[in-house]
Every structure is written in structure tokens, then in C-alpha cells.
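Below is one structure, written out as C-alpha cells; the observations come after it.
Just so it is clear, none of the values below were taken in a lab; they were calculated from the coordinates. Note that this is a predicted model, so its numbers are computed, not measured. All Cβ positions, glycine included, derive from the backbone under ideal geometry; neighbour counts span all protein chains shown.
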Amino acid sequence: MMIIENVRLLHFHPGSVSAPTDIAIEGARIKEVGPGLAAKYPGAERVSPGGYVSPGLVCSHNHFYSALARGLSVAIEPSKDFAQQLRNLWWRLDRALDEGIVRASGLAGAAEALRWGVTAVVDHHASPDFIDGSLDVLREGFDATGLRGILCYETTDRNGPGEGSAGVAENLRFAKRVDAERASGKEIQVEAAIGAHAPFTVSDATLGLLSGAVRSSKRGLHIHVAEDKYDAVDSRHRFGADICARLDKAGLLGPKTILGHGLYLSREEVDLVNERDAFLAHNAQSNMNNAVGYNHQLPLYRNAVLGTDGIGSDMLASANFAFFKHRDAGGPLWMDAFLRMLQDGNRLLERYFPGRKFGRVEAGFEADLAFWDYDPPTPLTDGNVAGHAAFGMNSAMVSSTMVAGKFAIRNRIPAFDYAAAMASGREQTIRLWKRMEERK
């Protein structure tokens with residue numbers, strides 16, 4: 001047992017700040033919260049970090065395969081629209097990924113996420129030249145660092161016949177591995193979803209395979225939808241239906257479904273997403289970077305969560321980008337709404353990790369925690385947490401990160417070899433960029 005003593009509990013939504021108290025952790029879960037626990041459990045390890053302790057942050061949509069694209073030094077043709085940008089840059093990058101590059105990018109992405117107080121990442125993976133077994137290799141980074149996650153493969157038909165069925169097969173293979181581990185009594189820390197790229201690259205035949213995979217695996221679909229207007233128009237032109245109507249007809253909208261972006265969904269589709277209790281993952285930085293527009297319908301979603309779409313895993317920064325872009329676009333929401341989206345990533349985790357509770361520093365919840373060295377010049381109270389998150393706090397203030405009751409980072413010192421992870425990333429980046437040049 002471990003006692004975290006004399007810390008203030010910080011919950012971002014609903015905003016609350018406690019008086020100094022203790023946290024008793026037994027195994028992977030919080031056993032008790034309250035003062036004087038060190039005396040109650042005299043044999044426990046005692047940790048006195050000071051500062052604030054919050055639930056760990058959740059990134060609800062990411063692409064660790066883009067971790068090695070930072071500072072990209074590859075000649076990229078100018079793009080007139082998003083479809084060209086996909087072909088000239090992002091699809092060229094994912095076709096250049098091989099086993100070594102996937103391993104290095106997954107490890108680097110996981111290591112950085114933990115440094116920013118992120119305890120769980122929902123990843124959406126693609127490597128068309130390395131499909132079979134790719135999720136196992138990606139998972140290595142999660143296992144090596146202690147990060148929690150939900151992984152899937154981005155099924156698509158964009159590179160020719162056969163690739164769609166291979167993507168579905170990889171999703172199912174990985175889900176079955178997770179099921180076998182759970183059946184053996186192992187406590188699962190990395191779960192599986194069923195992934196697809198975007199509806200405009202998925203045929204009806206492959207959509208049918210995805211539907212079967214969702215039913216047989218009892219997982220949800222994780223897919224990009226209407227990131228650009230082209231996707232919405234294509235669905236109506238080629239398939240005679242809105243994107244979400246097409247997905248729903250195939251039985252792919254449900255309480256475990258994760259829809260990335262959704263900028264150009266119709267109001268009827270938003271209502272359908274809400275009716276099916278699915279999740280919309282908002283990725284403000286990525287939308288701004290790709291200049292695809294703004295999702296003015298965010299306030300309408302029942303289950304809106306936050307992601308990065310591959311631009312790192314700094315979720316406090318992502319909440320701030322989402323808030324400030326919303327304000328710039330004339331939106332009515334205050335920062336607390338975006339902290340709620342950040343918090344609701346925990347509800348998504350609960351749907352994939354049945355019987356486990358996330359997102360509160362309370363007895364019975366998973367001990368996924370972020371420790372903050374924040375010493376503000378103004379009072380931090382229940383009523384102004386959102387203002388501090390927007391205008392004062394940043395992820396550099398994270399001193400420690402704990403997942404399932406174990407410190408992944410403690411007093412800014414990783415429990416894994418962070419330097420080796422970054423060195424491996426730099427080494428494999430040279431190969432990645434060279435392979436991208438060869439795929440012009």
C-alpha cells in the first residue's frame with residue numbers, strides 16, 4: 001500500500017479543490033481518501049509530493065504514427081485542399097512506416113504523453129506496408145512505459161483491393177488477443193477498438209466487414225468522419241446517404257463508437273449520434289493546422305471528448321486550443337465546457353474497461369493520477385478552476401504521473417528509459433524521412 005499524504009485534490013470538472021488530505025492506494029486502485037491515513041496504515045509506503053493531485057488526463061483521439069513527423073524534413077508538394085494534403089503528406093507518411101518505425105513512434109508517443117500528465121491514449125493507427133501485427137508492436141510502447149490505451153488499425157480501401165480486409169483482420173486479431181489475456185486473469189491496461197480511416201475511403205463491402213468485426217468483438221468503431229467537407233459530399237454523391245446514416249445502417253453507431261472531427265455532419269446526424277450515445281472526438285489543433293474549418297455544433301453533442309489527431313498528447317494545451325478557437329469563432333462556451341470534454345474521456349474509458357471507474361480521486365477509482373507543481377499568485381477555488389486552467393496552468397507543471405497505482409514518472413524522473421526512447425525516435429526518423437522521399 002502507498003499513502004500520498006498532505007496533497008490537495010484538484011478536479012477539473014466539475015471544478016473542485018480540497019483542503020490538504022491523504023490518498024491511500026492499494027494495487028491499481030484508490031482505497032481511501034481522507035486525512036490521517038498514514039497513521040491508519042502505518043506499514044504503507046509514504047509519499048509527500050506537495051502540490052495538487054488530479055485524475056490523469058485522457059487523449060481520446062491520437063495517431064502515435066505521426067510522432068516522428070515533428071520538424072519534417074521532406075519535400076512536400078503544395079496542396080490546394082485537404083484531399084491533396086492527405087495524398088501529398090499524411091498518406092505518404094503512413095505508407096513509409098515499417099515495423100521499426102512503428103515501434104519507435106509508439107514508444108516516443110507514449111513516453112511524451114506521460115510527461116504531460118496523460119494516463120490514457122486512444123490511438124488510431126495506420127501503416128499500410130505493415131498491417132499484420134502492427135498493433136502488437138504499437139502496444140510495446142504502452143507496455144514499456146505503463147501508459148493505458150485503446151488501440152485500433154485504420155482500415156481503408158485507399159491503397160487497393162485487399163487492404164480493407166487486412167485492416168479488419170488486424171483489428172480482430174488484436175481484440176482476440178486482449179480477450180484471451182482477460183480470460184487468463186490478466187488485468188488489462190491496453191484495450192482494442194475496431195478502426196477505420198474515413199468513410200470516403202471505405203467501400204460498402206469493407207463497411208460490412210467492419211460491422212461484423214464490431215459485433216463479434218463487442219467493441220466500437222473508431223473512425224474519422226467529415227473532417228473535411230469532401231467526406232460529407234462524397235457520401236451523399238456515391239452512397240446516397242449522410243455519413244452517419246450510412247454508418248448506422250451498417251450497425252456501426254453505438255455507445256462505444258468514436259467519431260473523429262465531425263466538422264461537416266448535418267444537424268440530423270448530430271441528433272443521430274446523440275441518440276446512439278456515441279462519442280465525438282474534437283481535435284482543435286489539427287483542424288486549425290489542416291485549415292478544414294470549425295465545428296460550430298460542438299455545444300450540441302452529448303458525448304464530446306478531446307483529442308489531438310497526432311499533434312502530441314498535451315491535453316491541457318488541447319483544451320486551451322479548443323476553448324480559445326471556440327471563442328475566436330464566436331462560440332458561447334466557457335472553458336469549463338472544454339474541461340468537461342476532457343473529463344468525459346474517462347466515460348469513454350469506462351465503456352472499454354468494464355467494471356472499472358476512472359476520472360475521480362475517490363475510493364474505488366483507478367489510481368491514474370497527475371501531480372501538479374502549481375503555486376498560483378491568486379486563490380485556486382472550486383469556482384475558478386476553469387479560469388486557472390485557461391490562463392495559468394500548463395503541462396510543464398506536471399511533476400509525476402501514476403497509472404494503475406504505479407509511478408510512470410516520479411518527481412520528473414521516468415521509471416523507464418526516456419532518453420533511449422527519444423534516441424530511438426531520432427534514429428528511426430531518418431529512415432522514415434528517407435522512405436517518404438522514395439514514395440513521391
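Please state the charge dipole magnitude for region 215-294, taken about the Cα centre, from unit charges on C-beta atoms (+1 on K and R, -1 on D and E), reported in debye and rounded to the nearest 20.
Its charge dipole is roughly 380 debye.
Compute the projected area of the convex hull of the Cα atoms of region 103-191, averaged over all viewing directions, and report it in nm² to one decimal place.
One quarter of the hull surface, i.e. the mean projection, equals 5.7 nm².
Go through region 346-358 residue by residue and turn each phi into a ³J(HN,Hα) via Karplus (6.51, -1.76, 1.60, θ = phi - 60°); whole Hz please, and just put x for glycine and proline.
The phi angles translate into 5, 5, 5, 4, 4, 6, 9, 10, x, x, 10, 10, 10 Hz.
Choose one answer from Val273, Val47, Val361: the residue with the largest mean-square fluctuation in a GNM of the chain with alpha-carbon springs under 10 Å.
Of the options given, Val47 has the highest mean-square fluctuation.
Where is the GNM fluctuation largest for the chain (alpha-carbon springs, 10 angstrom cutoff): Glu362, Glu99, Glu77?
Per the Cα network of the chain with a 10 Å cutoff, Glu77 tops the list.
Would you list which lysines come within 30 Å of Lys434, measuring only between C-alpha atoms, while excluding same-chain residues fewer than 8 positions from it?
Within the straight-line cut-off, Lys434 pairs with Lys80.
Grab the eigenvalues of the alpha-carbon gyration tensor for region 294-440, scale each by 5, take roots, and send me the semi-axes largest first in whole angstrom.
29, 24, 18
Quote the charge dipole size of the chain about the Cα centre in Debye, to the nearest 20; the model charges only the Cβ of Lys and Arg (+1) and of Asp and Glu (-1).
In total the dipole reaches around 200 debye.
So what is the 222 nm mean residue ellipticity for the chain from helices alone, if each DSSP H run of at least 4 adds -39500 (n - 2.57) and you divide by all residues, rounding to the nearest 500 deg cm²/dmol?
One gets -12000 deg cm²/dmol as the mean residue ellipticity at 222 nm.
Per-residue HN-Hα couplings for region 114-125, Karplus 6.51 cos²θ - 1.76 cosθ + 1.60 at θ = phi - 60°, whole Hz, x for Gly and Pro?
5, 5, 9, x, 8, 10, 8, 10, 9, 9, 10, 9
Taking the Cα atoms of region 233-349, what is the range of coordinates along each of the three principal axes, in descending order and whole Å?
Taking the Cα atoms of region 233-349, the three principal extents are 38, 30, 27 Å.
Highest GNM mean-square fluctuation, the chain, Cα pairs closer than 10 Å: which of Leu172, Leu247, Leu280?
Comparing Leu172, Leu247, Leu280 in the GNM, the peak value goes to Leu247.
Taking the chain as the reference, fit the longest principal axis to its C-alpha atoms, fit the long axis of helix 229-239 to the helix C-alpha atoms, and give the angle between the two in degrees, 0 to 90, nearest 10.
50 degrees
Hey, any idea what Rg/Rh is for region 1-123, computing Rh the Kirkwood way over Cα pairs?
Here the Rg-to-Rh quotient is 1.20.
Taking θ = phi - 60°, what integer Hz values does the Karplus form 6.51 cos²θ - 1.76 cosθ + 1.60 yield along region 276-283, in sequence order, with x for Gly and Pro?
8, 6, 7, 9, 10, 9, 8, 10
Once all Cα-Cα distances of region 271-334 are split into 5 Å bins that start at 0, what whole-number percent is in each one?
P(r) over region 271-334, rounded to whole percents: 4, 17, 28, 25, 18, 8, 1.
Please compute the Cα-Cα pair-distance distribution of region 344-391 with 10 Å bins starting at 0, giving whole percents from short to long.
21, 38, 30, 10, 0
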